[in-house]
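No lab work stands behind these numbers, since they all come straight from the coordinates. Model, not experiment: these values are computed from the prediction. Don't worry about glycine lacking a Cβ; one is built from the backbone with ideal geometry, like all the others, and counts go over all protein chains shown.
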Amino acid sequence: MLPTAPHGLAGSPLLTPGQYLAAKPAPGQYLTAKPAPGTAAQHLPGAQNPPAAPHRPADGPQATRMHEAVEFFWYNCSHSALLEAPLTRWAAQHQGEVTLRRVPAVWPGSPGEAEQRAHARLFYTLDRLGEVDRRQAAVFHAVREDHLDLTTEQGAADWAAAQGLDAAAFRAAYHSAEVDRAVDQAPKLFADNRVTELPTVIVDGTGRTSPTRAGGVEQMPGALDRMVTERAANPAG
C-alpha cells in the first residue's frame, strides 16, 4: 500500500502519485500527481537549489554559467524520452549561460519506485564513468523502444558491454559508495523540489516547466527560453 501522508525532512506533507504509474499513459496524458490545494507551485523551505549533487555536464567551467536548469526524468517515462533530444539541443544553444543538470526521478511511495531506483543507479553509474552525455539517449531507446530490463546489475551490465563500456569498470561504479549515496538521496531531491509531473525542469530553483504547464513536451524549450530571459532581466526575482 502507498503511504497516505509521507513527509519530508522539513515536515511538510509530500504529494503522492497514487496509482498513476501502474499503467502506461494514454497519448496526451502525462505522469502527474494531483496536488493538494494551494501546493502546486510551492517549494519546501531550502529547496531553492537541489540539495544533493545532480549530474553536472563536464563541458565548461561552472563559474561562467548564469543560470541552472535541473531536469527530473525517468527512463521509462514516454514524455521524458520525448524531451531528451529537444532539451539536449536547448542546452547546447544556451551552453554559455545555462548549466543543465539531470536528476533521475525516484517518486517516494509510487508503484514504480523500485524500478525508478534501479534506473537511478544506472544513471549515476554512467555519471561516475563520465558517460551520461553520450549514453542518455541510448538508455531511453533501450528502455522505451527495445523494452530491455535495465533494472538488474546483469541486465545493465550486459547493455553497457554492448555499448562498448568496460564491464569491470561498470560493475565497480555500479556498486560504488558514491553511487549508493546518490541513489539514496534521489527521493529527497524529488520531494524537496515538489515535483508532481515528469518530466519537470526547474530553472534557478524557482521557475519550472513540465508538459502540462507548457502545453506539451514540444513547448517546454520555449518555456525554458522565457524563464531564462525573465531571470536575466530580473536577477533578484
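Measuring from the lowest to the highest alpha carbon on each principal axis, how far does segment 83-167 reach, largest first, in angstroms?
Ordered largest first, segment 83-167 gives principal extents of 39, 35, 24 Å.
Hey, can you rank 86-92, 160-166 by average C-beta count inside 10 Å, highest first? Numbers along the way, then the final one.
Values: 86-92: 16.7, 160-166: 14.6.
Those peptides, ordered most packed to least, come out 86-92, 160-166.
Which value, in debye to the nearest 20, gives the size of the charge dipole of segment 120-237 about its Cα centre, when Lys and Arg are +1 and Asp and Glu are -1 at the Cβ?
With Lys and Arg at +1 and Asp and Glu at -1, about 360 debye.
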